1. Go through (1) closer than 17 Å to Phe28 by Cα; (2) in contact with a strand residue (DSSP E or B) (Cβ under 6 Å, 6 or more places away or on another chain) and name the single condition Gly64 misses.
2. So which pairs qualify, if the first residue must be in the range 117-131 and modelled with pLDDT under 90 and of a type in the set (A, V, I, L, M, F, W, C), the second must be surrounded by fewer than 18 Cβ atoms within 10 Å (Cβ to Cβ) and not in a strand (DSSP E or B), the Cβ gap must be under 7 Å, and the two must be at least 6 apart or on different chains?
3. State whether one or more residues within the range 39-60 are in contact (Cβ under 8 Å) with a residue 24 or more places away in the chain, more than 30 Å from Gly174 (Cβ to Cβ) and among the aromatic types (Phe, Trp, Tyr).
4. Given the condition closer than 19 Å to Phe28 by Cβ, out of contact with any helix residue (DSSP H, G or I) (no Cβ under 8 Å at 6 or more places or on another chain) and not hydrophobic (A, V, I, L, M, F, W, C), answer yes or no: does some residue in the range 72-87 qualify?
5. Test of understanding: among Lys93, Lys76, which residue is without any contact (Cβ under 8 Å) to a residue 40 or more places away in the chain and of a type in the set (Lys, Arg)?
6. Report, by residue number, each residue of the range 71-100 that is surrounded by fewer than 17 Cβ atoms within 10 Å (Cβ to Cβ) and either part of a loop (DSSP other than H, G, I, E, B) or on the phi > 0 side of the Ramachandran plot (or both).
7. Of the numbered conditions (1) open to solvent by less than 40 Å² (accessible area, probe 1.4 Å); (2) more than 17 Å from His133 (Cα to Cα); (3) at pLDDT 85 or above, Ala32 fails exactly one; give the number of that condition.
8. Only one residue in Arg58, Arg124 is open to solvent by 80 Å² or more (accessible area, probe 1.4 Å), on the phi < 0 side of the Ramachandran plot and among the charged types (D, E, K, R), so which one is that?
Amino acid sequence: SARAISSFGVFPFDLAKAEGIKKVMDEFRERATKVSSEIIEDMNIVPLKKRRHKPDGRFGGVAGGEKYYDDGIVYKFARDIHNLYGGDEWVGKAADNELRALNQVLNLGIPRLQIPLMAIIDYRGSRIIAISHVDIDDENSLVYGTADGGETIKDGSEKNEGGGVASSSAEVLGIVEKMG
């Protein structure tokens, strides 16, 4: 048994599985770097139709910056275009914290807990967060969280699913359920 270690986290598997996972992570990083550099190179091209990648309105929220989608990867351009953070530097720090948090959750080592691949790409003074797209079906695959920007939030109680993963995560993190 070997452990594949990368900027995406630590995975306990046998050597063949570790090599397969490393290949997927390397391909993800390579693709994310290529598309991110294209998005950054094209950011000042007007009109938008001349850009190689256009902002994608399917992905809500404004805090993460403009969102783009290409080949199964969501890109968040870490720019403070709505002046929510007080400048692009602070959006970049928020991106760092997203990756740090994802790695901490991954390193909990909780079985059945699934997280997306993520990378931060810095290019020409700009930063993009690349995250593998997770197609969440509110009815079938979402157990905890929201698929509609917080309009509805699932807590696992509907089918009593996911409690093991969520409670294990909360226990390791020292989070207790709010009483009353």
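1. If we test Gly64 against (1) closer than 17 Å to Phe28 by Cα; (2) in contact with a strand residue (DSSP E or B) (Cβ under 6 Å, 6 or more places away or on another chain), just (1) comes out false.
2. Filtered contacts from the range 117-131: no entries.
3. no
4. yes
5. Answer to the check: Lys93.
6. Asp71, Gly72, Ile81, His82, Asn83, Leu84, Gly86, Gly87
7. That leaves (2) as the condition not met.
8. After ruling out the rest, the residue left standing is Arg58.
The values are calculated or read from the model by the stated rules, or taken from the named source; none is laboratory data. From a predicted model like this one, the values you see are computed outputs, not experimental measurements. When we count neighbours, we look across all protein chains shown, and the Cβ atoms used for this are built from the backbone with ideal geometry, even at glycine. The accessibility values were calculated without ligands, DNA or RNA, using every heavy atom of the protein model including side chains. Shrake-Rupley method; radii C 1.70, N 1.55, O 1.52, S 1.80 Å.
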